[in-house]
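Q: Sharing a structure, written as structure tokens. Questions coming.
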Amino acid sequence: MEIKNIAEVLNDALEYGRKYINKGNVATYIPELAKVDKNLLGVSIVTMGGKRYHAGDWQHEFTIQSISKTISLIFALEHFGSEYVFSKVGMESSGDPFNSLDKLEIKNKYPSNPFINAGAIAVAGLIADKYEFEDYLVLVRRLCGRDLIEVDKNVYISENETGLLNRSMAYLMKNSGVLDTDVEETLKFYFRMCSIKMNTNDLANYASILANDGVEVKSGIRLIDKSTIKILKSLMVTCGMYDGSGEFAIRVGMPAKSGVGGGIVASAENKMGIGIFGPAIDTQGNSVGGYHILEYLSNELGLHYFSRELSNVVY
Ligand code: GLN
């Protein structure tokens, strides 16, 4: 069996992903995101042995957008408990686009899950009611392993000025009693968390903690409770790639979460954490280059959660 080296595989994955960039476009509904170069593409890996590998534009900073919803869910579950959190938001995939407000009106007043915008706004409301944004940022920095992680002010302003759909969802939820907190304060929190910027190395650090069942690889310290990890990763499988989650589960098979800034955090269970950035996104809001990098890595390294194949790649 030919033994391959991971650095080579990662470069091949990047080149494979690059071929699909022209099938997507940068998000334009947030004006600041429309300015990003759609040809950027980068990936970082942190293995369970603590090794790091990078390829492409991994040092480029981007806003994490909906990836922040996984960390606000961790924060809420660990501060308020799952019973309370899931009294405000459901556990089911919606099958609708991430910014849909259809079901808030017609099906039930509760958002389907914490990863669609309405659900994440409801969770942000819980946190904003009792904590400062800085408390949330401390958790983000700890999980990503870098103290200098900040909010991109221009993206924040851009989202706040143009987020009429998100505002509508928040007011609908305020009207039905799902949101108890001040709408504008909640939205400020939500837009700020979406505008946090980092690079793929930061994201891979976080991903490696997810892949390692909540324990930081280099220190052996548990940063996320076991019960939180179970809920979080289950929701990442069923809802992490929005209305593309089913196909992603088949083609890639890793708990993952995307953001319209082009980031994807993916956890290859007990093997490695993967952070991706590729701002050209598909109609479902998932990075097209990133999606294909993950599919390539999943096949080459046997990372699909139902794969029992042994990989011939050393990492
Ligand atoms: N900030 C974005 C929004 O609210 C997040 C959406 C996303 O990344 N899918 O529309």
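The values are calculated or read from the model by the stated rules, or taken from the named source; none is laboratory data. Model, not experiment: these values are computed from the prediction. Glycine also receives a Cβ, built like all others from the backbone with ideal geometry; neighbour counts cover every protein chain displayed. All accessible areas refer to the heavy atoms of the entire protein, side chains included, with ligands and DNA or RNA removed. Shrake-Rupley method; radii C 1.70, N 1.55, O 1.52, S 1.80 Å.
Q: Identify the GluC sites (Glu not before Pro) of segment 1-80 meeting these criteria: DSSP loop state and at most 10 other C-beta atoms within 10 Å of the C-beta.
A: Passing both the DSSP loop test and the Cβ count: GLU2.
Q: Same structure, new question: Output ³J(HN,Hα) for segment 23-33: one whole-Hz value per residue in order, computed from phi by the Karplus curve 6.51 cos²θ - 1.76 cosθ + 1.60 with θ = phi - 60°, and x for Gly and Pro.
A: 8, x, 8, 5, 5, 10, 6, 10, x, 5, 6
Q: Rounded to whole Hz and in sequence order, give me ³J(HN,Hα) for segment 6-19 from the Karplus expression 6.51 cos²θ - 1.76 cosθ + 1.60, θ = phi - 60°, writing x for Gly and Pro.
A: For segment 6-19, the Karplus curve yields 5, 4, 5, 4, 5, 5, 5, 4, 4, 5, 5, x, 4, 4 Hz.
Q: While we're looking at this one, here's another question. How far, in degrees from 0 to 90, does helix 164-176 lean away from the longest principal axis of the Cα atoms of the chain, to the nearest 10?
A: Roughly 50 degrees between the two axes.
Q: Which of the trypsin sites (Lys or Arg not before Pro) found in segment 5-65 are in a DSSP loop and have at most 16 neighbouring Cβ atoms, other than their own, within 10 Å?
A: Numbers: sites: ARG18, LYS19, LYS23, LYS35, LYS38, LYS51, ARG52; in loops: LYS19, LYS38, LYS51.
Sites meeting the loop and neighbour criteria: LYS19, LYS51.
Q: Using helices alone, I'd like the mean residue ellipticity at 222 nm for the chain: each DSSP H run of four-plus residues gives -39500 (n - 2.57), total over residue count, nearest 500.
A: So the calculated ellipticity at 222 nm is -13500 deg cm²/dmol.
Q: Over the chain, average the accessible area per residue using a 1.4 Å probe and give it in Å², no decimals.
A: Value returned for the chain: 41 Å² of accessible area per residue.
Q: Now a separate question. Starting from the exponent 0.38 and prefactor 2.2 Å, build the expected Rg for the chain from its residue count and divide its actual Cα Rg by it.
A: Values: Rg = 18.2 Å, N = 315, 2.2 N^0.38 = 19.6 Å.
Ratio of Cα Rg to 2.2 N^0.38 Å: 0.93.
Q: How far, in degrees from 0 to 90, does helix 226-239 lean away from the longest principal axis of the Cα atoms of the chain, to the nearest 10?
A: Helix 226-239 and the main axis of the chain meet at about 90 degrees.
Q: Then there's this: Taking 0.36 nm per residue of sequence separation and subtracting the Cα-Cα distance, how much length would be gained by fully extending the chain between PHE86 and VAL138, in nm to one decimal? Could you put the intermediate results ahead of the total?
A: Values: separation 52, 0.36 × 52 = 18.72 nm, distance 2.39 nm.
Net length gain for the segment: 16.3 nm.
Q: Another one. Keeping the other protein chains in place, figure out the carbon and sulfur percent of the accessible area of the chain, with a 1.4 Å probe. If you can, show how the numbers build up before the last one.
A: Values: 6480 of 13030 Å².
After summing per-atom areas, the C and S share lands at 50 percent.
Q: Determine the gain in length on full extension of the stretch ASN5-ASN270; use 0.36 nm per residue of separation and subtract their C-alpha separation, reporting nm with one decimal. Numbers along the way, then the final one.
A: On the way: separation 265, 0.36 × 265 = 95.40 nm, distance 1.93 nm.
Length gained between ASN5 and ASN270: 93.5 nm.
Q: A further question on this structure: Could you state how much accessible area HIS304 has, in square angstrom rounded to the nearest 10, with a 1.4 Å probe and all protein chains kept in place?
A: 40 Å²
Q: May I ask for the distance between the Cα centers of segment 241-280 and segment 124-191, given as a whole number of Å?
A: 23 Å
Q: Separate question: What does the C-alpha gyration tensor say about the overall shape of segment 156-233? Classify as rounded when a/c is under 1.5, otherwise prolate if a/b is larger than b/c, or oblate.
A: Details: a/c = 3.65, a/b = 1.84, b/c = 1.98.
Since a/c reaches 1.5 but b/c is at least a/b, the shape of segment 156-233 is classed as oblate.
Q: Where does each of 188-197, 251-260, 227-236 land if you order them by average Cβ count within 10 Å, highest first? Please list the in-between numbers first.
A: Working: 188-197: 24.1, 251-260: 25.8, 227-236: 19.0.
Ranking the peptides 188-197, 251-260, 227-236 by packing returns 251-260, 188-197, 227-236.
Q: Next up: Any idea what % of Cα-Cα pairs in segment 152-297 are farther than 19 Å?
A: 59 percent
Q: Now a separate question. So, in segment 17-148, how many Lys pairs have Cα atoms under 25 Å apart, if the pair is 8 or more places apart or on different chains?
A: 16
Q: Each residue of segment 147-154 in turn: what ³J(HN,Hα) in whole Hz from Karplus with 6.51, -1.76, 1.60 and θ = phi - 60°, glycine and Pro shown as x?
A: Once θ is set to phi - 60°, the couplings for segment 147-154 become 6, 8, 5, 9, 8, 7, 4, 5 Hz.
Q: Can you list the residues, at least 5 places off or on another chain, whose amide H is less than 5 Å from the amide H of ILE196, using H built in the peptide plane?
A: ILE64, GLN65, ASP152
Q: Over the chain, what is the mean sequence separation of C-alpha contacts under 8 Å (at least six apart), divided by residue count, expressed as relative contact order in percent?
A: Over the chain, the number comes to 30 percent.
Q: If you add up the charges near ILE67, with Lys and Arg at +1 and Asp and Glu at -1, over every other residue whose beta carbon is less than 12 angstrom from its beta carbon, what do you get? Walk me through the numbers before you get to the answer.
A: Values: positive: LYS69, LYS197, LYS257; negative: ASP202.
Combined, the nearby Lys, Arg, Asp and Glu give +2.
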